[in-house]
Amino acid sequence: MSTTPSNTTPADTTQSDIWASAEHALAYLGRADAVPHRTEGEAGLLESLPKRVNRVLDLGSGDGRLLALVKTAHPEASAVALDFSPTMLELLRKRFAPKAGDAAGEAATEIVTHDLEKPLPPLGTFDAVVSSFAIHHLPDLRKRALYTEIFATLAPGGVFLNLEHVTSATESLHLRYLELAKRKPENEDPANKLLDVETQLTWFREIGFTDVDCLWKWREYALLAGTRPA
């Protein structure tokens with residue numbers, strides 16, 4: 001377990017309160033676009049998807065950046081984008097609205113309003129469940145419960161790929177991460193509830209995922225993966 005303390009919100013402030021704010025959502029997007037080496041992690045996620053993806057679920061879709069990349073690689077896949085921030089939902093609807101120039105055969109994207117702090121709604125099964133810098137906003141107990149729900153949502157042989165913000169192993173490594181990422185401690189996201197890689201991979205194994213691994217990592221950014229056995 002990491003010795004780096006997680007940032008937490010005040011006890012009387014919920015994630016719903018924070019992300020209902022357009023100011024917070026837009027500020028987060030501004031920082032997200034500047035994440036160092038993000039494209040490397042995204043490339044690793046795309047190459048780890050199954051060869052055939054008929055249906056994909058994106059958890060905490062934000063403005064749809066990751067899902068757009070997945071759909072570019074797999075235009076035949078129908079998709080569900082899940083978020084609850086009004087600002088993010090508006091951006092998702094704009095990004096994935098049907099357009100006259102869409103490629104023939106490109107599958108539709110369904111936008112679902114849902115707070116990840118609550119159990120996933122019935123959505124059917126998926127060949128891939130993906131997420132990008134979203135689940136680390138959840139309390140640790142909810143993270144583990146969500147991973148169990150994801151496992152149940154996957155079709156046999158389906159993969160879960162989580163591009164995530166995690167803790168450093170030590171405080172000095174955390175400070176070095178902040179230096180390299182050009183961030184100041186006082187400007188860290190108050191919504192963060194970070195957790196180390198190994199704890200999360202251990203949960204994956206306990207839940208029943210196979211081929212569990214950290215497929216890519218740069219400092220506090222990691223691509224966590226697991227497969228539901230066929």
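The values are calculated or read from the model by the stated rules, or taken from the named source; none is laboratory data. Predicted model only: the values in this text are computed from it and were never measured. Every residue, glycine among them, receives a Cβ derived from its backbone with ideal geometry; neighbour counts consider all protein chains shown.
Here are a few things to note about the model shown:
- In summary, His136 fulfils each of the numbered conditions (1) farther than 21 Å from Val35 by Cβ; (2) surrounded by 15 or more Cβ atoms within 10 Å (Cβ to Cβ) with the single exception of condition (1).
- Scanning region 135-150 for residues that are assigned to a loop (DSSP other than H, G, I, E, B) and either more than 17 Å from Phe204 (Cα to Cα) or modelled with pLDDT under 95 (or both) yields a total of 0.
- Filter result (in contact with a Pro (Cβ under 9 Å, 6 or more places away or on another chain) and either over 27 Å from Ile150 (Cβ atoms) or assigned to a helix (DSSP H, G or I) (or both)) within region 162-173: Glu171
- One residue from Val35, Val53, Val70 being at pLDDT 95 or above and part of a loop (DSSP other than H, G, I, E, B): Val53
- Of the residues making up region 178-209, those that are under 13 Å from Ala222 (Cα atoms) and crowded, with 17+ Cβ neighbours inside 10 Å are Leu194, Leu195, Asp196, Val197, Gln200, Leu201.
- Residue check for Ala107: over 25 Å from Thr199 (Cβ atoms), modelled with pLDDT under 95 and touching a strand residue (DSSP E or B) at 6+ places or on another chain (Cβ under 7 Å): yes
- Subset of region 35-57 (residues that are in contact (Cβ under 8 Å) with a residue 60 or more places away in the chain and closer than 27 Å to Tyr177 by Cα): Val35, Pro36, His37, Arg38, Glu40, Gly41, Glu42, Gly44, Leu45, Ser48
- Unique match (being modelled with pLDDT of 60 or more and within 15 Å of Asp189 (Cβ to Cβ)) among Ser48, Ser78, Ser6, Ser85: Ser85
- Residues that are hydrophobic (A, V, I, L, M, F, W, C) and closer than 22 Å to Pro86 by Cβ, drawn from region 109-145: Ile111, Val112, Leu116, Leu120, Leu123, Phe133, Ala134, Ile135, Leu138
- Screening Thr167 with (1) more than 24 Å from Pro50 (Cα to Cα); (2) surrounded by fewer than 20 Cβ atoms within 10 Å (Cβ to Cβ); (3) of a type outside the set (Phe, Trp, Tyr) gives one miss only, at (2).
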